[in-house]
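Read the figures in this text as sums done on the coordinates, not as results from a lab. Computed from a prediction, not measured in an experiment: that's the story for all the values here. All Cβ positions, even for glycine, are placed from backbone atoms using ideal geometry, and neighbour counts span all protein chains on display.
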Amino acid sequence: MDYIKTFNTTIDVSPYKELFSRIDNSLWDNPISKERDRRLSSFHQVYTLPLLLDLDTLGGDDVSKQCSKSEYWDQIYIEPFFNELCEKLNTHLGKGYPTSSMFDLMEPKGYIEPHTDNLSLPARVNHRIHVPIVTDPSIIFTNETDIIHMKEGHIYEIENHLLHSVSNPTDDIRRIHLLLDWHIIGETAQSRGIS
């Protein structure tokens with residue numbers, strides 16, 4: 001079974017590659033990143049830069065609730081990129097909108113142990129999207145039995161309620177992915193067969 005879905009489209013990630021090459025690295029060491037690190041013992045040398053993220057409300061039952069803009073929004077939100085990405089997701093996945101979004105940076109030699117994400121209703125109903133911004137062919141993502149290198153600028157959907165992991169064996173590549181939860185308008189737990 002395919003647990004990682006690759007969309008038949010790509011997006012130009014160069015605006016974010018350029019942005020992340022020049023931002024202050026201390027932005028990655030923020031309170032949300034520290035709290036995720038505290039809560040997620042399976043993450044090692046992984047930092048988060050939130051766009052839309054409320055750690056306190058992620059466990060609720062409202063699958064359509066959009067998280068608040070983070071304090072970093074004005075520094076890292078690139079509107080043309082997100083307009084294009086949302087257009088592609090509307091076309092290839094279904095008309096909707098992001099309920100949460102963040103960038104994750106994995107340092108060289110960093111890894112995420114096999115784990116499942118928060119099993120709240122939104123985490124099971126909404127669609128977890130990955131867009132690699134910076135990566136290397138040796139960085140491998142596993143979702144159940146699927147093993148894949150996620151290529152820069154490609155768009156993937158993973159089954160985050162199933163076992164998944166990633167490792168960065170490189171000596172010098174800081175892997176950066178955009179993670180986004182996509183809510184398809186009108187989609188419910190019932191319509192997706194989730195109880």
Theoretical ellipticity at 222 nm over the chain - DSSP helices of four or more residues, -39500 (n - 2.57) apiece, nearest 500: -5500 deg cm²/dmol
³J(HN,Hα) computed for each position of the stretch 88-104 - Karplus, 6.51 cos²θ - 1.76 cosθ + 1.60, integer Hz, glycine/proline x: 5, 5, 4, 6, 9, 10, x, 4, x, 7, x, 9, 8, 7, 7, 9, 10
Length gained when the stretch Thr145-Ser165 is fully extended (0.36 nm per residue, less Cα-Cα span): 6.1 nm
Summed side-chain charge close to Ser26 - residues other than Ser26 whose Cβ falls under 14 Å, Lys, Arg +1, Asp, Glu -1: -1
Long-range amide H partners of Leu51 with built H, under 5 Å: Ser101, Met102, Phe103
Relative packing of 111-117, 181-187, which averages over residues the other C-beta atoms within 10 Å, highest first: 181-187, 111-117
FRET E, pair Glu87, Ser41, Förster distance 45 Å, beta-carbon r, rounded to 0.05: 0.75
Anchor Lys95: lysines whose Cα lies under 24 Å away (excluding residues fewer than 8 positions away in-chain): Lys5, Lys65, Lys69
Prolate/oblate/rounded call for the chain, Cα gyration tensor, a/c under 1.5 rounded: rounded
Whole-number D in µm²/s for the stretch 85-195 (Stokes-Einstein; Kirkwood sum over Cα pairs; 10 °C, 1.306 mPa s): 108 µm²/s
